[in-house]
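Participant: Questions regarding the structure given below will be posed in turn.
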Amino acid sequence: MDNLIAVVAAILYSLAIATIVPGLVHQTGIRVKTVFVSAILALAFHAWLLSDLILGYSGQNLSILNVASLISFIISLVMSGAMLKTRLWFLLPVVYSFSALNLIAAAFLPNTYITHLEQDPKLLIHISLALFSYSTLTIGALYALQLAWLDHKLKAKKALAINPNLPPLLMVERQLFNIILIGNVLLTGTLLTGFVFVQDMFAQGKAHKGILSFIAWVVYSVLLWGHYRKGWRGRKVTWFAVAGATLLTLAYFGSRFVREIILN
């Protein structure tokens, strides 16, 4: 049953992508209602699948593939809601593609990492903050890549202004820093709750998570300081945003990928 749900969700994500891409390529209008309905249905099936994969045990199955699929769901949910107010057409195919791939992997490559968060609500708070901070800052990295692409096209004097599906450069930059600011606040909460609630945070095999997350926090803090105090923009901003997201990816998934996927 889970495999069927995953296939249906992936098809619906693909339908949304197939509706967006022609409008980007041919610079024509995009059927927003079709994209939105397809995305909402895909998210509904995605949520159904996640509830089965994560909650269908005596505990919570937070395997690396399930967590990756959950993060993809959060990102797709946020971006789908934002599409009604902001022109995200350049990013949505990327987001939906990752969601489709992650949910298919979670359904067809089952793995188990059982936890009991109901017995430790403080750990649940820490993990929730970690999930939302990582999702938010990943969206920030996507915005930074979009900003770099738009900046490159404008400097190359490409006729982007006539494409109704692409957002203004300054609007993307403003939204990027708002997203990174929110994400860094959430990351600060993640680190603080980790220090307070997770007793073995720096035990062998776990220390790299805290260290890499802290370095990422420093990277984002320097980026925000550089932008608001020194006026940083352009390529430097992209490098900082992508570097921070890469550090968090290594922190959250690095050792678990080796342990659960490669060595299993």
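The values are calculated or read from the model by the stated rules, or taken from the named source; none is laboratory data. From a predicted model like this one, the values you see are computed outputs, not experimental measurements. Backbone-built Cβ (ideal geometry, glycine too); neighbour counts: all protein chains shown. We work out accessible area using only protein heavy atoms, side chains counted, and drop any ligands, DNA or RNA first. Shrake-Rupley method; radii C 1.70, N 1.55, O 1.52, S 1.80 Å.
Participant: Name the residues in region 112-126 that are open to solvent by less than 90 Å² (accessible area, probe 1.4 Å) and either assigned to a helix (DSSP H, G or I) or not aliphatic (A, V, I, L, M) (or both), would you? Give the derivation first.
Facilitator: Here is the first cut: in region 112-126, the residues open to solvent by less than 90 Å² (accessible area, probe 1.4 Å) are 112, 114-117, 120-121, 123-126.
Across region 112-126, the qualifying residues are 112, 115, 116, 117, 120, 121, 123, 124, 125, 126.
Participant: Have a look at 178, 165 and point out the one that is modelled with pLDDT of 90 or more and surrounded by fewer than 19 Cβ atoms within 10 Å (Cβ to Cβ). Quick ask: steps written out before the conclusion?
Facilitator: Numbers: 165 fails: modelled with pLDDT of 90 or more.
Unique residue meeting the criteria: 178.
Participant: Would region 68-77 turn up any residue that is open to solvent by less than 40 Å² (accessible area, probe 1.4 Å) and more than 14 Å from the chain's Cα centre (by Cα)?
Facilitator: No, region 68-77 contains no residue that is open to solvent by less than 40 Å² (accessible area, probe 1.4 Å) and more than 14 Å from the chain's Cα centre (by Cα).
Participant: Check off (1) open to solvent by less than 20 Å² (accessible area, probe 1.4 Å); (2) among the polar types (S, T, N, Q); (3) closer than 30 Å to residue 210 by Cα; (4) under 14 Å from the mean Cα position of the chain (by Cα) for residue 80 and give me the number that stays unchecked.
Facilitator: Result: residue 80 passes all but (3).
Participant: On to the next question. For region 204-213: of the residues being surrounded by fewer than 16 Cβ atoms within 10 Å (Cβ to Cβ) and among the hydrophobic types (A, V, I, L, M, F, W, C), which is farthest from the chain's Cα centre (by Cα)? Before you say what the answer is, go through the steps one by one.
Facilitator: Step one: of region 204-213, the residues surrounded by fewer than 16 Cβ atoms within 10 Å (Cβ to Cβ) are 204-208, 211.
Pick out the ones that are also among the hydrophobic types (A, V, I, L, M, F, W, C) and you get 207, 211.
Values: 207: 23, 211: 21 Å.
Within region 204-213, the match that is farthest from the chain's Cα centre (by Cα) is 207.
Participant: So, of the residues in region 83-105 that are open to solvent by 30 Å² or more (accessible area, probe 1.4 Å) and outside any helix (DSSP H, G or I), which turns out to be farthest from residue 19 (Cα to Cα)? Give the derivation first.
Facilitator: Going residue by residue through region 83-105, those that are open to solvent by 30 Å² or more (accessible area, probe 1.4 Å) are 84-85, 87, 90, 94, 97-98, 101-102, 104.
Filter again for outside any helix (DSSP H, G or I), leaving 84-85, 87, 90.
Working: 84: 15, 85: 18, 87: 14, 90: 12 Å.
The selected residue is 85.
Participant: Under 9 Å between Cβ atoms, at least 6 apart or on separate chains: pull out the pairs that start in region 221-235 with a residue that is in contact (Cβ under 8 Å) with a residue 12 or more places away in the chain and end on any residue that is open to solvent by 40 Å² or more (accessible area, probe 1.4 Å) and of a type in the set (S, T, N, Q).
Facilitator: From region 221-235, the pairs are 221/188.
Participant: Still on this structure: For region 1-19, which positions are within 21 Å of residue 90 (Cα to Cα) and open to solvent by 40 Å² or more (accessible area, probe 1.4 Å)?
Facilitator: Matches in region 1-19: 11, 14, 15, 18.
Participant: Something else now. Yes or no: region 24-33 includes at least one residue that is out of contact with any helix residue (DSSP H, G or I) (no Cβ under 9 Å at 6 or more places or on another chain) and either crowded, with 19+ Cβ neighbours inside 10 Å or not in a helix (DSSP H, G or I) (or both).
Facilitator: Yes, region 24-33 contains a residue that is out of contact with any helix residue (DSSP H, G or I) (no Cβ under 9 Å at 6 or more places or on another chain) and either crowded, with 19+ Cβ neighbours inside 10 Å or not in a helix (DSSP H, G or I) (or both).
Participant: Tally time: how many residues in region 164-195 are outside any helix (DSSP H, G or I) and without any contact (Cβ under 8 Å) to a residue 12 or more places away in the chain?
Facilitator: Of region 164-195, the ones outside any helix (DSSP H, G or I) are 164-168.
In the following step, the residues that additionally are without any contact (Cβ under 8 Å) to a residue 12 or more places away in the chain were identified as 168.
Residues meeting the conditions: 1.
Participant: Hey, another quick one. Output the residues belonging to region 220-248 that are open to solvent by 30 Å² or more (accessible area, probe 1.4 Å) and within 17 Å of residue 187 (Cβ to Cβ).
Facilitator: 221, 222, 225, 227, 240, 242, 243, 246, 247
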